[in-house]
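This report refers to the structure that appears directly beneath it.
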Amino acid sequence: MSARTLLGMLTPSSNTTLEPVTAAMLADLPEASAHFGRFRVTEIALSADALAQFDNREILAAAELLSHAHCQVIGWNGTSSSWLGFDTDRTLCAAIEARTGARACTSVLALNEVLQATGVQRLGLVTPYLDDVQAAIVRNYASIGIDCVAERHLRLQDNFSFSDVSAEQIRGMVRDVMHDSGTQRPEAVTILCTNLRGATLVTELEAEFGVPVYDSIATVVWKSLKLAGLDTRRLAHWGSLFSL
């Protein structure tokens, strides 16, 4: 049997979007497959109960089970560090690597890597989140020199509900951030939530606005493939990210 690339994806328990989207992306890479491990995430908020969902003990237990499948890379397919602080993902990656021996990455750290490598300083931000969660995300990006010059969010809390957001709603939010930013036009847009169905819209939105659109499911797939040594350009039809 030829060499296989096995990618582990840590998945919020109430997420119904990232698995089919990830599988669709990897369908063009027959040597690669994604394998999913869930842990409990049912709401996104800044309450103590909601924040406790991202305790590393539960995440690491799921990562260890993925290691039984000999996954070479394990990715956290979630955006929690965008409001908790980016160091939480750095700490998580180090813990996953120590516990499993696999390489580790996350949606948000991959996004940040791309934004910094391409010199983006003005970002359009699209999420389904609550006001205070969105404000925390904006502050965290400001702390690394990236100004969210325009944003849209849906004020939703139930994680499952994010998957019911329609493609037309997502298109509308991206169009709003591109049209409502005045002279400070975003240099890139992120669709930041792995339970939003934004990845399939990326190429059309990039063609419409002429700026990169970075979906958070796509960023962890991109980084996982990079860590595994595969050529991401084979997925360029999923957006400009994969040509980097």
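Read the figures in this text as sums done on the coordinates, not as results from a lab. Predicted model only: the values in this text are computed from it and were never measured. Positions of Cβ are generated from backbone atoms using ideal geometry, with glycine treated the same way; all protein chains shown enter the neighbour counts.
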Counted charge near Q53, where neighbours are those whose Cβ lies closer than 10 Å (Asp, Glu -1; Lys, Arg +1): -3
Mean residue ellipticity (222 nm) of the chain, computed from DSSP H runs ≥ 4 via -39,500 (n - 2.57), nearest 500: -12500 deg cm²/dmol
Most fluctuating residue given options E187, E97, E168, as computed from a GNM of the chain linking Cα atoms under 10 Å: E168
Quarter of the Cα convex hull surface for region 73-173, i.e. its orientation-mean projected area (nm²): 7.1 nm²
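How would Y129, Y141 line up from fewest to most surrounding beta-carbon atoms within 10 angstrom?
On the way: Y129 25, Y141 22.
Neighbour counts put them in this order, fewest first: Y141, Y129.
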Local electrostatic count at T17 - Lys and Arg +1, Asp and Glu -1, tallied over other residues with Cβ under 13 Å: -2
The chain pair-distance distribution - Cα-Cα, 10 Å bins, rounded %: 8, 35, 38, 17, 2, 0
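Take V138, V21 and order them by how many other Cβ atoms sit within 10 Å, fewest up front. Working shown, then result.
Details: V138 18, V21 23.
Result, fewest neighbours first: V138, V21.
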Ranked list, fewest to most other Cβ atoms within 10 Å of each Cβ, for I146, I74, I191: I146, I191, I74
Amide H partners (placed H, <5 Å) of F36, local residues excluded: M9
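First select every other residue whose beta carbon is under 14 angstrom from the beta carbon of C193; then total the charges, Lys and Arg +1, Asp and Glu -1. Intermediate results must be reported in sequence, preceding the final value.
Values: positive: R152, R155, R197; negative: E43, E151, D158, D164, D215.
So the environment of C193 carries a net charge of -2.
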Cβ-based charge dipole, the chain, positive-most Cα from V73, T219, S240: V73
Region 112-215: C-alpha gyration tensor shape, a/c 1.5 cut-off, then a/b vs b/c: oblate
